[in-house]
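A quick write-up on the structure given underneath.
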Amino acid sequence: MKYLFLFLKKQSFFFLFVFLELIALLLLVNYNNYQKAALINSTNIITGSFYYVYSTVSDYFFLKEANYQLSLENAQLNNMLQQSSALPDSLFKHDTSYTFIAARVISNTTRNRNNYIMINKGSADGIEKEMGLISPFGVAGIVVEVSNHYASAMSLLHKNTKISARLKNNGQMVNVSWGGVDYRKGMLEDIPTHILPRAGDTVVTSGYSFLFPENLLIGVVGDKIIKGGNLNKAELIFSTDFNNLYYVYVTKNNALEELDSLNMHTIDE
(Lines give C-alpha, C1' and ligand atoms only; values in the text may rest on other atoms or scores of the structure.)
Protein backbone atom coordinates (compact mmCIF):
# COMPACT_ATOMS: atom_id res chain seq x y z
CA MET A 1 0.00 0.00 0.00
CA LYS A 2 2.91 2.32 0.84
CA TYR A 3 4.44 1.83 -2.60
CA LEU A 4 1.07 2.46 -4.24
CA PHE A 5 0.77 5.86 -2.55
CA LEU A 6 4.35 6.71 -3.50
CA PHE A 7 3.62 5.77 -7.12
CA LEU A 8 0.47 7.89 -7.21
CA LYS A 9 2.29 10.82 -5.66
CA LYS A 10 5.14 10.51 -8.14
CA GLN A 11 2.78 10.34 -11.11
CA SER A 12 0.31 12.95 -9.82
CA PHE A 13 1.05 15.45 -12.61
CA PHE A 14 0.50 12.77 -15.25
CA PHE A 15 -2.89 11.79 -13.79
CA LEU A 16 -3.86 15.47 -13.51
CA PHE A 17 -2.96 15.94 -17.19
CA VAL A 18 -5.09 12.94 -18.22
CA PHE A 19 -8.01 14.20 -16.10
CA LEU A 20 -7.88 17.67 -17.68
CA GLU A 21 -7.63 16.14 -21.17
CA LEU A 22 -10.77 14.09 -20.53
CA ILE A 23 -12.64 17.20 -19.37
CA ALA A 24 -11.50 19.08 -22.49
CA LEU A 25 -12.60 16.20 -24.73
CA LEU A 26 -15.98 16.05 -22.97
CA LEU A 27 -16.56 19.78 -23.47
CA LEU A 28 -15.47 19.55 -27.12
CA VAL A 29 -17.90 16.72 -27.86
CA ASN A 30 -20.86 18.19 -25.96
CA TYR A 31 -20.70 21.63 -27.57
CA ASN A 32 -19.66 20.75 -31.13
CA ASN A 33 -22.10 18.75 -33.24
CA TYR A 34 -19.50 17.65 -35.81
CA GLN A 35 -17.11 16.22 -33.21
CA LYS A 36 -20.02 14.63 -31.37
CA ALA A 37 -21.25 12.89 -34.55
CA ALA A 38 -17.70 11.76 -35.42
CA LEU A 39 -17.20 10.30 -31.93
CA ILE A 40 -20.53 8.42 -32.06
CA ASN A 41 -19.71 7.04 -35.51
CA SER A 42 -16.23 5.94 -34.39
CA THR A 43 -17.64 4.35 -31.26
CA ASN A 44 -20.19 2.44 -33.35
CA ILE A 45 -17.42 1.12 -35.60
CA ILE A 46 -15.19 -0.01 -32.71
CA THR A 47 -17.93 -1.55 -30.57
CA GLY A 48 -19.56 -3.03 -33.65
CA SER A 49 -16.34 -4.81 -34.63
CA PHE A 50 -15.87 -6.12 -31.09
CA TYR A 51 -19.42 -7.41 -30.80
CA TYR A 52 -19.22 -8.94 -34.27
CA VAL A 53 -16.25 -11.10 -33.23
CA TYR A 54 -17.91 -12.00 -29.94
CA SER A 55 -21.18 -12.80 -31.72
CA THR A 56 -19.44 -14.99 -34.29
CA VAL A 57 -17.95 -17.15 -31.53
CA SER A 58 -21.13 -17.28 -29.44
CA ASP A 59 -23.26 -18.10 -32.49
CA TYR A 60 -21.57 -21.50 -32.65
CA PHE A 61 -23.11 -22.39 -29.30
CA PHE A 62 -26.58 -21.06 -30.17
CA LEU A 63 -27.07 -22.49 -33.66
CA LYS A 64 -29.70 -24.94 -32.47
CA GLU A 65 -31.91 -22.21 -30.99
CA ALA A 66 -31.37 -19.91 -33.98
CA ASN A 67 -32.33 -22.66 -36.41
CA TYR A 68 -35.43 -23.35 -34.34
CA GLN A 69 -36.49 -19.71 -34.62
CA LEU A 70 -35.88 -19.77 -38.38
CA SER A 71 -37.96 -22.91 -38.76
CA LEU A 72 -40.83 -21.30 -36.87
CA GLU A 73 -40.62 -18.22 -39.06
CA ASN A 74 -40.63 -20.33 -42.22
CA ALA A 75 -43.72 -22.11 -40.96
CA GLN A 76 -45.45 -18.78 -40.35
CA LEU A 77 -44.54 -17.56 -43.85
CA ASN A 78 -45.82 -20.76 -45.42
CA ASN A 79 -49.09 -20.40 -43.53
CA MET A 80 -49.45 -16.81 -44.72
CA LEU A 81 -48.75 -17.89 -48.29
CA GLN A 82 -51.39 -20.61 -48.15
CA GLN A 83 -53.95 -18.26 -46.62
CA SER A 84 -53.29 -15.57 -49.21
CA SER A 85 -53.72 -17.99 -52.10
CA ALA A 86 -57.06 -19.08 -50.68
CA LEU A 87 -58.45 -15.53 -50.56
CA PRO A 88 -59.90 -13.52 -53.43
CA ASP A 89 -57.50 -10.93 -54.88
CA SER A 90 -59.70 -8.09 -53.63
CA LEU A 91 -59.26 -9.22 -50.01
CA PHE A 92 -55.51 -9.77 -50.00
CA LYS A 93 -53.42 -6.64 -50.47
CA HIS A 94 -49.64 -6.79 -50.06
CA ASP A 95 -48.03 -3.55 -48.83
CA THR A 96 -45.43 -2.95 -51.56
CA SER A 97 -44.26 0.37 -50.06
CA TYR A 98 -42.02 -1.53 -47.61
CA THR A 99 -38.95 -3.67 -48.16
CA PHE A 100 -37.13 -5.70 -45.50
CA ILE A 101 -33.40 -5.98 -44.90
CA ALA A 102 -32.27 -9.07 -42.96
CA ALA A 103 -29.66 -8.56 -40.22
CA ARG A 104 -28.07 -10.42 -37.35
CA VAL A 105 -28.09 -9.16 -33.75
CA ILE A 106 -24.55 -8.77 -32.40
CA SER A 107 -25.38 -6.97 -29.15
CA ASN A 108 -28.58 -6.68 -27.15
CA THR A 109 -29.48 -5.49 -23.64
CA THR A 110 -32.67 -6.14 -21.68
CA ARG A 111 -31.87 -5.23 -18.05
CA ASN A 112 -31.31 -1.48 -18.37
CA ARG A 113 -33.93 1.25 -18.28
CA ASN A 114 -32.90 2.18 -21.81
CA ASN A 115 -31.94 -0.83 -23.94
CA TYR A 116 -30.38 -1.03 -27.39
CA ILE A 117 -29.97 -3.63 -30.14
CA MET A 118 -26.88 -3.56 -32.38
CA ILE A 119 -27.00 -5.26 -35.78
CA ASN A 120 -24.38 -6.20 -38.39
CA LYS A 121 -25.81 -4.01 -41.17
CA GLY A 122 -25.21 -0.30 -41.75
CA SER A 123 -25.47 2.51 -44.29
CA ALA A 124 -23.56 0.43 -46.86
CA ASP A 125 -26.50 -2.00 -46.75
CA GLY A 126 -29.16 0.70 -47.06
CA ILE A 127 -29.84 1.16 -43.33
CA GLU A 128 -30.82 4.66 -42.20
CA LYS A 129 -31.92 6.30 -38.97
CA GLU A 130 -35.60 6.03 -38.04
CA MET A 131 -36.18 2.71 -39.76
CA GLY A 132 -38.16 0.06 -37.93
CA LEU A 133 -36.71 -3.15 -36.52
CA ILE A 134 -38.74 -6.36 -36.29
CA SER A 135 -38.01 -9.88 -35.09
CA PRO A 136 -39.50 -13.06 -36.57
CA PHE A 137 -42.25 -12.71 -33.95
CA GLY A 138 -43.04 -8.99 -33.89
CA VAL A 139 -41.85 -5.40 -33.42
CA ALA A 140 -38.42 -5.01 -31.80
CA GLY A 141 -37.26 -1.38 -32.02
CA ILE A 142 -36.27 1.71 -34.02
CA VAL A 143 -32.88 2.43 -35.63
CA VAL A 144 -31.24 5.50 -34.03
CA GLU A 145 -27.53 5.39 -35.00
CA VAL A 146 -25.85 4.10 -38.17
CA SER A 147 -22.23 3.61 -39.25
CA ASN A 148 -21.02 2.09 -42.52
CA HIS A 149 -21.39 -1.54 -41.49
CA TYR A 150 -23.34 -1.48 -38.21
CA ALA A 151 -26.44 0.11 -36.74
CA SER A 152 -27.84 0.61 -33.26
CA ALA A 153 -31.57 0.47 -32.59
CA MET A 154 -33.54 1.79 -29.64
CA SER A 155 -35.21 -1.33 -28.33
CA LEU A 156 -38.90 -1.52 -27.53
CA LEU A 157 -37.47 -1.81 -24.00
CA HIS A 158 -36.62 1.91 -23.81
CA LYS A 159 -38.32 4.75 -21.96
CA ASN A 160 -38.54 6.89 -25.12
CA THR A 161 -39.99 4.22 -27.39
CA LYS A 162 -43.67 4.62 -28.21
CA ILE A 163 -45.33 2.62 -30.97
CA SER A 164 -48.62 3.52 -32.65
CA ALA A 165 -50.82 0.42 -32.46
CA ARG A 166 -54.40 -0.81 -32.49
CA LEU A 167 -56.48 -3.60 -31.04
CA LYS A 168 -57.01 -6.06 -33.85
CA ASN A 169 -60.49 -7.19 -32.84
CA ASN A 170 -62.08 -3.72 -32.94
CA GLY A 171 -59.52 -1.42 -34.62
CA GLN A 172 -59.21 0.88 -31.57
CA MET A 173 -56.08 3.05 -31.70
CA VAL A 174 -53.68 2.75 -28.73
CA ASN A 175 -50.02 3.43 -27.94
CA VAL A 176 -47.44 0.91 -26.77
CA SER A 177 -44.64 1.73 -24.31
CA TRP A 178 -42.44 -0.06 -21.77
CA GLY A 179 -42.68 0.34 -18.00
CA GLY A 180 -39.02 -0.44 -17.39
CA VAL A 181 -39.44 -3.56 -15.24
CA ASP A 182 -40.09 -6.81 -17.11
CA TYR A 183 -38.59 -7.39 -20.58
CA ARG A 184 -41.56 -9.62 -21.42
CA LYS A 185 -44.26 -7.04 -20.64
CA GLY A 186 -45.15 -3.60 -21.93
CA MET A 187 -48.02 -1.17 -21.48
CA LEU A 188 -51.00 -0.26 -23.64
CA GLU A 189 -51.82 3.42 -23.19
CA ASP A 190 -54.53 5.88 -24.24
CA ILE A 191 -57.38 3.36 -24.18
CA PRO A 192 -60.80 5.12 -24.14
CA THR A 193 -62.87 4.23 -21.08
CA HIS A 194 -65.68 2.76 -23.18
CA ILE A 195 -63.24 0.22 -24.68
CA LEU A 196 -62.69 -2.87 -22.55
CA PRO A 197 -59.79 -4.94 -23.90
CA ARG A 198 -59.79 -8.58 -22.90
CA ALA A 199 -56.86 -10.76 -21.94
CA GLY A 200 -55.50 -12.40 -25.07
CA ASP A 201 -56.65 -9.68 -27.49
CA THR A 202 -54.09 -9.21 -30.26
CA VAL A 203 -52.24 -5.88 -30.57
CA VAL A 204 -50.75 -4.93 -33.98
CA THR A 205 -49.10 -1.91 -35.58
CA SER A 206 -51.46 0.78 -36.86
CA GLY A 207 -49.43 1.69 -39.95
CA TYR A 208 -49.67 5.40 -39.06
CA SER A 209 -46.05 5.96 -37.94
CA PHE A 210 -44.31 5.43 -41.35
CA LEU A 211 -41.85 3.15 -39.51
CA PHE A 212 -43.77 -0.11 -39.67
CA PRO A 213 -46.35 -1.50 -42.07
CA GLU A 214 -49.75 -2.12 -40.52
CA ASN A 215 -50.80 -5.38 -38.88
CA LEU A 216 -47.35 -6.37 -37.60
CA LEU A 217 -47.72 -8.27 -34.35
CA ILE A 218 -46.65 -6.46 -31.15
CA GLY A 219 -48.21 -8.71 -28.51
CA VAL A 220 -51.38 -9.63 -26.68
CA VAL A 221 -53.30 -7.96 -23.86
CA GLY A 222 -52.40 -9.23 -20.38
CA ASP A 223 -54.56 -9.66 -17.29
CA LYS A 224 -54.15 -6.19 -15.74
CA ILE A 225 -56.38 -3.25 -16.67
CA ILE A 226 -55.47 0.09 -15.06
CA LYS A 227 -58.36 2.55 -14.92
CA GLY A 228 -57.90 6.27 -14.44
CA GLY A 229 -59.45 9.49 -15.78
CA ASN A 230 -60.60 9.59 -19.38
CA LEU A 231 -58.10 7.00 -20.61
CA ASN A 232 -57.18 3.57 -19.31
CA LYS A 233 -54.06 1.43 -19.53
CA ALA A 234 -53.56 -2.31 -19.89
CA GLU A 235 -50.76 -4.81 -19.52
CA LEU A 236 -49.20 -6.03 -22.78
CA ILE A 237 -47.34 -9.31 -23.28
CA PHE A 238 -44.72 -8.77 -25.98
CA SER A 239 -44.68 -11.27 -28.83
CA THR A 240 -40.92 -10.78 -29.22
CA ASP A 241 -38.68 -12.50 -26.69
CA PHE A 242 -36.04 -9.79 -26.24
CA ASN A 243 -33.85 -12.07 -24.17
CA ASN A 244 -33.62 -14.53 -27.06
CA LEU A 245 -33.01 -12.37 -30.12
CA TYR A 246 -30.70 -13.49 -32.94
CA TYR A 247 -32.08 -12.42 -36.32
CA VAL A 248 -34.10 -9.32 -37.20
CA TYR A 249 -35.39 -7.37 -40.20
CA VAL A 250 -35.07 -3.64 -40.82
CA THR A 251 -38.21 -2.13 -42.35
CA LYS A 252 -37.61 0.38 -45.12
CA ASN A 253 -40.52 2.59 -46.14
CA ASN A 254 -39.92 3.28 -49.83
CA ALA A 255 -42.56 6.03 -49.83
CA LEU A 256 -41.11 7.85 -46.79
CA GLU A 257 -39.69 10.83 -48.70
CA GLU A 258 -43.00 11.49 -50.44
CA LEU A 259 -44.97 11.04 -47.20
CA ASP A 260 -42.64 13.37 -45.29
CA SER A 261 -42.96 15.98 -48.02
CA LEU A 262 -46.76 15.92 -47.78
CA ASN A 263 -46.58 15.95 -43.99
CA MET A 264 -44.30 19.02 -43.94
CA HIS A 265 -46.60 20.79 -46.42
CA THR A 266 -49.57 20.15 -44.11
CA ILE A 267 -47.66 21.49 -41.09
CA ASP A 268 -46.60 24.65 -42.97
CA GLU A 269 -50.23 25.44 -43.70
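The values are calculated or read from the model by the stated rules, or taken from the named source; none is laboratory data. Source: prediction; values computed, not measured. Cβ: placed from backbone, ideal geometry, glycine included. Neighbour counts: every protein chain shown. Ligands, DNA and RNA are stripped out before the accessible areas are found, and what is left, the full protein with its side chains, is counted by its heavy atoms. Shrake-Rupley method; radii C 1.70, N 1.55, O 1.52, S 1.80 Å.
Observations on the model:
- Share of carbon and sulfur in the accessible heavy-atom surface of region 108-165 [1.4 Å probe, %]: 41
- Shape of region 90-173, Cα gyration tensor, a/c cut at 1.5: oblate
- Using the average count of surrounding beta-carbon atoms within 10 Å as a protection proxy, the listed peptides 144-156, 183-195 rank, highest first, as 144-156, 183-195.
- Per residue value of the accessible surface for region 159-269 (all protein chains in place, 1.4 Å probe), Å²: 56
- Packing around the peptides 254-260, 237-243, taken as the average count of other Cβ atoms within 10 Å per residue, puts them in this order, highest first: 237-243, 254-260.
- Nearest-0.05 FRET efficiency for Asp260 and Thr109, computed from C-beta distance (R0 45 Å): 0.90
- Entries in Lys162/Lys252; Lys129/Lys227; Lys159/Lys233; Lys168/Lys233; Lys227/Lys252; Lys121/Lys168 that, when Cα-Cα distance is taken, lie over 28 Å: Lys129/Lys227; Lys227/Lys252; Lys121/Lys168
- Sulfur and carbon atoms: percent of accessible area, region 217-257 [1.4 Å]: 50
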